[in-house]
Structure formats: C-alpha cells, structure tokens
1. Could you please tell me which pairs satisfy a Cβ distance under 6 Å, a separation of 6+ or placement on different chains, a first residue in segment 240-259 that is within 14 Å of PRO306 (Cβ to Cβ), and a second residue that is part of a loop (DSSP other than H, G, I, E, B) and modelled with pLDDT of 90 or more?
2. Using beta carbons and a limit of 8 Å, which pairs, at least six apart or on different chains, have the first residue in segment 261-273 and at pLDDT 90 or above and open to solvent by less than 60 Å² (accessible area, probe 1.4 Å) and the second one among the aromatic types (Phe, Trp, Tyr) and not in a helix (DSSP H, G or I)?
3. Is one or more of the residues making up segment 118-135 surrounded by fewer than 21 Cβ atoms within 10 Å (Cβ to Cβ) and in a strand (DSSP E or B)?
4. Which condition number in (1) among the β-branched types (Val, Ile, Thr); (2) in a helix (DSSP H, G or I); (3) closer than 30 Å to THR43 by Cα is the one that THR322 fails?
5. With respect to the numbered conditions (1) surrounded by 14 or more Cβ atoms within 10 Å (Cβ to Cβ); (2) modelled with pLDDT of 90 or more, which one is the sole condition not fulfilled by THR51?
6. Hey, among the residues in segment 296-322 that are touching a strand residue (DSSP E or B) at 6+ places or on another chain (Cβ under 7 Å) and not hydrophobic (A, V, I, L, M, F, W, C), which one's farthest from LEU235 (Cα to Cα)?
7. For segment 92-116, name all the residues that are part of a strand (DSSP E or B) and farther than 19 Å from PHE221 by Cα.
8. What pairs come out if I take residues in segment 346-364 that are of a type outside the set (Phe, Trp, Tyr) and pair them with residues that are in a loop (DSSP other than H, G, I, E, B) and open to solvent by 60 Å² or more (accessible area, probe 1.4 Å) whose C-beta lies under 7 Å away, six or more apart or interchain?
Amino acid sequence: MPEHSALKSTLQIEKQLHLSHKKVLEYLKRHNKATRAEIAKATGLSNQTLTRLTKQLIDLKIISVDSKVSGLRGQPAIYLRIIPGVFASIGIVFEHDKIVVIVDDLSGDNLLRISQKGTFLTADIAIKSATEMLDHIYSKIDPTLKILGIGISISGFFTNVEGGVCSQKDPQGWSKIDWQKTFAYKYSCPCYVENDGCAASIGFSLSTEGAKLHSFFLLLFTLDIGGGFVFEGQLVNGTYGNAGEVATLFNKDLNAIRPTEGSLYSYLSNLWDEPVTNEKIVAAFHAGDTNIASWITACIESMKFPLKAIQSLLDPEAIIFTGRLPIEIQQQLSEKVVISGPSYGDVYAPTPKILVDKKQNILEKGVTAIPAFYFFNRG
C-alpha cells in the first residue's frame, strides 16, 4: 500500500491553484515549453495577470524558466516549462491480449512502463494482474512524487452513473467491478475510468495537433472500434459516459469486415498459410497483396454509414484515425474513404477532414492524460 503523504501533498499544492494557473499548466503540457506571450495569446489572460500567475507557479516549484532565445530585435524570448518530477499520472490499459501500466510525468516524460501479455478475457484475471503490476510500480516510484490520479482504459460501455462497465468478453464479471474500491481507496488516489475511445481522445486533445482543432471525433481501431468526441477541448461524455460508442453503427455481425485489427487478422488467417503478424501485414501491403487491397475496399464500404452519421450529428472539424491497425492501412483508409454530407442541387455541406494520428502509443498517452485532463478542468 502506498503512503498517504503524497496524496496530501498533492491536495495541498492544488489548494493554492485556481483555474487560471491550470490553464497555464495545460498549455505548457501541450506545447512542452512556451513564452508568456504565447500563453497569453492562447488563454486570453492579460500580460499582467500572466506575470503574476507564472511567478506563483515558479515559487511553488511547478514550472521553471527553461531558456532564453534572442528575438528578431535582440530581445530575449524567455521560455517556461513544467518541472519534471513534481506531478505525475498513472495509467492502466486493459486490452484483450495485454495489460499495460504506465507512469508519465506531467511534463510529458515517461517515468515507468510495464506490460504483461496474455489472455485477459475475464475480469478477475485482469484485475488481479493489474493490481500486482500496480503494486510493483508503486514500489519503484519516488514516494514524494505527487500523483494526480489513476486513469483506466477499457473497451465496453458504462452501465450507470457510478461507472459500472460492461465489457464484451466477460460482461457479468466486469459489471461487478467496484473501480473506486479496487483502485482509488486502495492506492489513496483519485481513479478515473474511461472507455478506450474516450481515453485516446483525451490524449489527442492534450497534444499539439489536438489543440489546434475546434472539435474532432476520434476513431480508435483495436480489436473492435472505439470513439470519442472532443468539442472546444472538452470531452463530450453523454449522460452515462457512452457518447462515441460508434461500434454499434457498424454491421453487428462480428464476422463482417470492419476496420479493426481483429477483422484484419481473422480475414488474412483464412487466406494465408502462415501466422499473421503486423510485420507480415505491412510487408504484404507494400508488396501489393490483393487480399489486403480487397479487405481495405470492403472496410471503406463498411465505414460509409458510420462516418456519415458522425458528420451529420456532430459536424466535427476533423475525424482522427488511430489505433493498432498498421499506420499504412490507416493512411490508405483515410485517403480512399469518402464522407457524403447533405446536399441540395449542386451545393454540398462541408465535410470534416480525415487525419491519421501516427503515434502508436496514443492509448497509453491517453490513459495517463486522463487524471491531468480532470485536474486541469476542476476548480
């Protein structure tokens, strides 16, 4: 069991911060470092206010002056940066074939990461493995590190406002998990549970690319399909946390072709006389394998209705593709898929641009971003 002193220390510092302080920290997290002028322009804070806020954050030893670079007129540009080793977040990613536990510094650096491969289709086995891994993580981290919380990512939907989860492979087992008792109480740390699509969306929203978008819908291609909608920097959860459950818009037949790693592996396993791996898929793709080309064509057809629904209901500035599907295939899908918005005569409604996030670890970055996301947004 971890000591409670780190939690008390975190709460003591947070009591000295208000939302304007957190706006500064959120901008610095997204951009790694920035000048006061850049922060002022992005947040709308006055120069006088920003000078006072940054001095307070420097005095609290949360941020520091990173460097001075001469400007065009000889005036040095003073950059600010979050100090490593002050705040950190813990993330747990539950997937069907592995569990990953990560500790990321608020400054963006990864401090610790352990993963365990296996078959984690039942809740009991997955939770037991995750708590053992988390115990190991806590034994390794500096006890003075201020933990903002534990973020948890799992596929499935929420069954109530308390965050009960129904996951596909063991719905009864997962729905009985008391997340707060299992993690928050045991580790004396706030616990936040999101489905994998929303977790990845939070991670992307705190990236430099995500910060540039007024709104976006993220599609996460893993064993199945997850989704999350971010509007003006805020995750749109819905009443129970189930906004973005786009998997239900695809063909309900799990054997049907759809843009998932599970579908691709299953399809190629029936055609190839050898085990399927991502490396072999990428090599075959570059070699012009017609089986992969046929699968992509079928996927594009399967995506027409879901993408049209996203466009029609949410009107996002962009739709983001990411996840475990090989980047080359995601890129091909983004280039070939067509979103058909409403039209009258020869006048068409604008459609969102489709972008591919090439960070293969977006879900891991997303799950550790969850505690920071809620830290930034609570008063």
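The values are calculated or read from the model by the stated rules, or taken from the named source; none is laboratory data. Here the structure is a predicted model, which means the values were calculated and not measured. Using ideal geometry, Cβ is built from the backbone for each residue, glycine included, and neighbour counts are taken over all protein chains shown. We work out accessible area using only protein heavy atoms, side chains counted, and drop any ligands, DNA or RNA first. Shrake-Rupley method; radii C 1.70, N 1.55, O 1.52, S 1.80 Å.
1. The qualifying pairs are PHE250/ARG258.
2. GLU261/PHE221
3. Checked segment 118-135: no residue is surrounded by fewer than 21 Cβ atoms within 10 Å (Cβ to Cβ) and in a strand (DSSP E or B).
4. Of everything listed in (1) among the β-branched types (Val, Ile, Thr); (2) in a helix (DSSP H, G or I); (3) closer than 30 Å to THR43 by Cα, THR322 misses just condition (2).
5. Going through the list (1) surrounded by 14 or more Cβ atoms within 10 Å (Cβ to Cβ); (2) modelled with pLDDT of 90 or more, THR51 breaks only (1).
6. THR322
7. VAL101, ILE102, VAL103, ASP104, ASP105, ASN110, LEU111, LEU112, ARG113, ILE114, SER115, GLN116
8. Between residues of segment 346-364 that are of a type outside the set (Phe, Trp, Tyr) and residues that are in a loop (DSSP other than H, G, I, E, B) and open to solvent by 60 Å² or more (accessible area, probe 1.4 Å), the close pairs are ALA349/PRO342; PRO352/GLU317.
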